[in-house]
Amino acid sequence: MLSITGLTKTYAGGVRALDGIDIEIPKGLFGLLGPNGAGKSTLMRTIATLQDADAGTIRFDGIDIVRDRMALQRRLGYLPQEFGTYPRVSAQEMLRHFAALKGIHGAGNRAAVDELLVRTNLWDARTRSVDTFSGGMRQRFGIAQALLGDPDLLIVDEPTAGLDPVERRRFQNLLSAVGEDVVVILSTHIVEDVAALCPRVAIMAAGRILKQGDPHDLAAELQGRLWSGMVDKGAVAAPPQIISTRRLAGRTEMRILAEQSPPGFTAAVPTLEDVYFQTLIDHGIDIQAE
């Protein structure tokens, strides 16, 4: 269990990136969902001991991360949003180097690296330089290095941004398998990733946790109050609360929240995306859905 209490962080210039974060994250996949600039990466870097908070506590299985960073680092795997690689160094060589840095040597080093290359479907590319990999292959390599040493806490920050649908599905399957035994925090602005993978989710914006829970339970709260309809371009009325809109073939598909169906609208099945948009709107966050 990862427990965070009262976590705050203000950068130079008065930008408050974390504003009293309180959250508990159990074993399994946990989705941290929010728009760009929500403070997600700041929170991930703070949990990973890469920067200090101004106030608050972080505890993992009884470890006080602020007081004992090394104790957490021995149990941590981290895939940042962007990571560099050495040029002209193969995936196998680089993973062996990272394994040695984590204290894995000799036959154990070779066995751990080879197992992860197979697990991440990179065995056939093991002798290729990582800087020649596609985006999806690089992300799978990133997960392989994060899994060295069998971490109990795995943090992945925006892992599928820019991946094509095939690579995204492959990466989702890999994370799902990993998340059966450890605490995995998936930080992203891509709602589909969280909906597909995570039994628990927190929605974050402006440095605060706005809502959290089971995605299905959160969506069920909108049942019977969510409506969908098509309206002509340029003829969009102003119904009670617009959750989202999108343009389709010259018309606008609109999803709204109301106690009764407006004329021309039908009941819609709520999704995590609806919850996400509605939560941001309720807290005054401009989502610019159009």
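Taking the criterion of being outside any helix (DSSP H, G or I) and buried (at least 17 other Cβ atoms within 10 Å of the Cβ), would at least one residue in segment 140-147 satisfy it? So far as segment 140-147 goes, no, none of its residues is outside any helix (DSSP H, G or I) and buried (at least 17 other Cβ atoms within 10 Å of the Cβ).
Identify, from the list 44, 70, the residue that is in a helix (DSSP H, G or I) and open to solvent by 80 Å² or more (accessible area, probe 1.4 Å). Reasoning before the result, please.
Details: 44 fails: open to solvent by 80 Å² or more (accessible area, probe 1.4 Å).
So the residue among 44, 70 that is in a helix (DSSP H, G or I) and open to solvent by 80 Å² or more (accessible area, probe 1.4 Å) is 70.
Among residues of segment 149-162 that are of a type in the set (D, E, K, R), those with a beta-carbon under 8 Å from a residue that is open to solvent by 40 Å² or more (accessible area, probe 1.4 Å) and part of a loop (DSSP other than H, G, I, E, B) at least six positions away or on a different chain give the pairs 152/61; 152/75; 157/81; 158/81; 158/189.
For the residues 217, 193, 164, the requirement of being more than 16 Å from the chain's Cα centre (by Cα) and under 30 Å from residue 7 (Cα atoms) singles out 217.
Within segment 187-199, the set of residues being touching a strand residue (DSSP E or B) at 6+ places or on another chain (Cβ under 7 Å) and either among the β-branched types (Val, Ile, Thr) or in a helix (DSSP H, G or I) (or both) comprises 188, 191, 193, 194, 197.
Of all the criteria given as (1) free of Cβ contacts under 8 Å to residues at least 40 places away in the same chain; (2) open to solvent by 30 Å² or more (accessible area, probe 1.4 Å); (3) in a strand (DSSP E or B); (4) closer than 20 Å to residue 282 by Cα, the one not satisfied by residue 230 is (4).
Per-residue answers, yes or no, for (1) outside any strand (DSSP E or B); (2) surrounded by fewer than 21 Cβ atoms within 10 Å (Cβ to Cβ):
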| residue | (1), (2) |
| --- | --- |
| 159 | yes, no |
| 167 | yes, yes |
| 172 | yes, yes |
| 177 | yes, yes |
| 180 | yes, yes |
| 185 | no, no |
| 201 | no, no |
| 217 | yes, yes |
| 222 | yes, yes |
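Whenever a residue of segment 259-276 is over 12 Å from residue 224 (Cβ atoms), its partners that are of a type in the set (S, T, N, Q), lying with C-beta atoms within less than 7 angstrom and at least six residues away or across chains, give the pairs 265/228; 266/228. Just the residues that are hydrophobic (A, V, I, L, M, F, W, C) and either in contact with a His (Cβ under 9 Å, 6 or more places away or on another chain) or more than 23 Å from residue 160 (Cα to Cα) (or both), please, taken from segment 70-94. Within segment 70-94, 70, 71, 72, 89 qualify.
The values are calculated or read from the model by the stated rules, or taken from the named source; none is laboratory data. A quick note: this is a predicted structure, and the numbers were derived from the prediction, not measured. Here Cβ is always computed from backbone atoms with ideal geometry, including for glycine, and neighbour counts include all displayed protein chains. Please note that ligands, DNA and RNA were not included when accessible areas were found on the heavy atoms of the full protein model with its side chains. Shrake-Rupley method; radii C 1.70, N 1.55, O 1.52, S 1.80 Å.
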